[in-house]
1. Around residue 158, under 14 Å between beta carbons, what's the net of Lys plus Arg minus Asp minus Glu among the other residues?
2. Assuming a ≥ b ≥ c are the square roots of the Cα gyration tensor eigenvalues, decide whether the range 29-91 counts as rounded (a/c under 1.5), prolate (otherwise, with a/b larger than b/c) or oblate.
3. For the range 1-98, with only Lys/Arg (+1) and Asp/Glu (-1) charged at the beta-carbon, what is the dipole magnitude about the Cα centre, in debye rounded to 20?
4. On C-alpha positions alone, give me the angle between the axis of helix 185-194 and the longest principal axis of the chain, in degrees, nearest 10.
5. Counting only protein heavy atoms and a 1.4 Å probe, tell me what percentage of the chain's accessible area is made up of carbon and sulfur.
6. Using every pair of alpha-carbon atoms in the range 3-108, split the distances into 5 Å bins beginning at 0 and state the percent of pairs per bin, rounded to integers.
7. Projected onto the charge dipole of the chain (+1 at Lys/Arg Cβ, -1 at Asp/Glu Cβ, origin at the Cα centre), which of 89, 191, 176 gives the Cα projection farthest towards the positive end?
8. Enter the accessible area of residue 120 (Å², nearest 10), with the probe set to 1.4 Å and all protein chains included.
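The values are calculated or read from the model by the stated rules, or taken from the named source; none is laboratory data. All values derive from a computational prediction rather than experimental measurement. Note that each Cβ is placed from the backbone with ideal geometry, even for glycine, and that neighbours are counted across all protein chains shown. Ligands, DNA and RNA are stripped out before the accessible areas are found, and what is left, the full protein with its side chains, is counted by its heavy atoms. Shrake-Rupley method; radii C 1.70, N 1.55, O 1.52, S 1.80 Å.
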Amino acid sequence: MRRPREMRPDEIRLLLGAHNVSDATGDGFWVANVTAIYRHPRFNFATIDNDIALLKLQADVPFGPRVSPACLPDKETAFWGRWGTVTGWGTTSYQGKASPLLREVRLPLISSDACRRTSYGSIITRNMICAGLAAGGRDSCQGDSGGPLVVRQEHRWRLVGVVSFGFKCAAAQYPGVYTRVQNYVDWINWYIDNE
């Protein structure tokens, strides 16, 4: 597989507060310009390990009814066995069409060890967490990459995972694979404190 060209900050704009990307107008919508991209220094394109990057925005995000933060997870909490929510505008089926409406799906979280044993084998590292049903039928899909997997904990949403990859979409015995954000809390906080 050929490595894709890396994007520059000026090629990325974030649309915040949108539900329908075909009609992103009116109150509550905000476009954020990106001034820097911080890719994880140990990202491995061949294994997709350390599949995480941070975007620095030109201005602070105006939180409100349509835009609210997801907090970083506790590093020690085991989230597998809980249910998480994934959101995105990706395709609604493998090689299908992207959705103009923001969609969400609730999925049970699976540890990297269990995911390795039952599905993907040694490609799953400790920096990954899986989410999905054994029977398939619900999943993140193409175009959702980089999106959030959040879990409600102590009355707050926690960013537990970032959509990374999977075998097709919603295939039986192949849950979606997410970057396990817990393993990057110190790295993220370093950039927050120093940039």
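1. It works out to a net charge of +2.
2. Note, shape of the range 29-91 comes out oblate.
3. 360
4. 20
5. Carbon with sulfur: 51 percent of the solvent-accessible area.
6. Pair shares across the bins are 2, 9, 12, 17, 23, 21, 13, 3, 0.
7. 176
8. Roll a 1.4 Å probe over it and residue 120 shows about 40 Å².
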